[in-house]
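The values are calculated or read from the model by the stated rules, or taken from the named source; none is laboratory data. Note that this is a predicted model, so its numbers are computed, not measured. No Cβ is skipped: glycine too gets one built from the backbone with ideal geometry, and neighbour counts run over all protein chains shown.
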Amino acid sequence: MTPEIKQRIQAFRRALELAAGERASEPVPLAWHKELGSFPFGCCELASQGLVKYLRDHDKTLFPYVIAMQWNEEADIHGHVIVALDGEYIDLTIDQFEDYKDWIVAEPVESCGQIGSLLRKVRQLKGSITTRNVTLDVIPHEGHKLYGWLRATADNLLAASEQKRKPSRMPQLVSMDILPQYRAGTVAGASDKATNVSEQKNRQPMTHTGTITECYQPREVRLRETATQWVSECGLRFRKATGAAVGSGVWSANRLDLKSIREIQPAQKEIDLNETSNDE
């Protein structure tokens, strides 16, 4: 994930906080005070759907997913909604749960982090994990108006941040010339190398493509193979034997078409690896 995308995610989260807090009395946020007044509590779908649309509106090449989960625990039904983008999870509202102290801007799918632990818990409790269509209809009343306010607020926050980062025109006090002995570049230290190795292990490359069907709507995704499952780039898992989503029955509406699976050609693999390298 690029720094620009992370900044955009952080700006949208801050816009939600402002709508629920310092600027809650403005006409637009005030109309949705019932939905936003307790942010981040009870706002996971509104926040996730809004973020996905915001990211897509600013970069048509991005393809973030909305992921919904539901599980039963101690006779209660629980649900949560997050976002996945390019092999990383984003959770704007996980801090509504007492076991989680902060929201998550980016967590690699295979990193065994906080979201990964939550998803494993859902699977262990035989809950469901599915993707949802991107829509502002989940926001009551005229949801596009609230989204427009959040988008404009986030854009203004980004513009203000960019303005602050611009260097002031101060006179140059030191030479900017690079000494000859340093022109060949610097050598990464042991800690840098260890960090890179760890990140590469956590982010296993996608090696195949295939068509998954969600609520009877087909979509092509990238996949990687394990001993018993196919894992999609958004973290969904499918049985190799049947193509059914893990945690569901053989006749699940969410499944992988096993006949559609194709190995990614070397040229495409190189592109994917370059994208991963640039993100890191």
Failed item in (1) among the aromatic types (F, W, Y); (2) more than 27 Å from T207 (Cα to Cα); (3) part of a loop (DSSP other than H, G, I, E, B), with F63 passing the rest: (2)
Restricting attention to segment 29-55, the residues that are in a helix (DSSP H, G or I), surrounded by 16 or more Cβ atoms within 10 Å (Cβ to Cβ) and of a type outside the set (G, A, S) number exactly 12
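Got a number for residues in segment 129-161 being aliphatic (A, V, I, L, M) and loosely packed, with under 12 Cβ neighbours inside 10 Å? Give the steps one after another, and end with the answer.
So the first thing to find is which residues in segment 129-161 are aliphatic (A, V, I, L, M), and the list is 129, 134, 136, 138-139, 146, 150, 152, 154, 157-160.
Now narrow it down to the ones that are loosely packed, with under 12 Cβ neighbours inside 10 Å: 159-160.
Residues meeting the conditions: 2.
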Of all residues in segment 87-108, which are part of a loop (DSSP other than H, G, I, E, B) and in contact with a helix residue (DSSP H, G or I) (Cβ under 7 Å, 6 or more places away or on another chain)? L92, T93, Y100, K101, D102, W103
Spot the failing condition for A75; the list is (1) surrounded by fewer than 23 Cβ atoms within 10 Å (Cβ to Cβ); (2) at positive phi; (3) touching a strand residue (DSSP E or B) at 6+ places or on another chain (Cβ under 9 Å), and only one is missed. (3)
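Only one of these is outside any strand (DSSP E or B), surrounded by fewer than 19 Cβ atoms within 10 Å (Cβ to Cβ) and touching a residue at least 60 places away in the same chain (Cβ under 8 Å): K164, K121, K126. Name it.
Working: K164 fails: touching a residue at least 60 places away in the same chain (Cβ under 8 Å); K121 fails: touching a residue at least 60 places away in the same chain (Cβ under 8 Å).
Sole residue among the options that is outside any strand (DSSP E or B), surrounded by fewer than 19 Cβ atoms within 10 Å (Cβ to Cβ) and touching a residue at least 60 places away in the same chain (Cβ under 8 Å): K126.
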Exactly one condition in (1) under 19 Å from Y65 (Cβ atoms); (2) surrounded by 17 or more Cβ atoms within 10 Å (Cβ to Cβ); (3) at pLDDT 85 or above is not met by S260; state its number. (2)
Scan segment 203-218 and report the pairs whose first residue is part of a loop (DSSP other than H, G, I, E, B) and whose second residue is at pLDDT 70 or above and small (G, A, S), with Cβ atoms within less than 8 Å and a gap of 6+ or a chain change. R203/G87; R203/S111; M206/G87
Pull out all pairs, ordered by first then second residue, where Cβ-Cβ is under 6 Å, the residues are six or more apart or on different chains, the first lies in segment 140-151 and is part of a helix (DSSP H, G or I), and the second is of a type outside the set (A, V, I, L, M, F, W, C). Y147/G50; L150/G50; R151/Y54
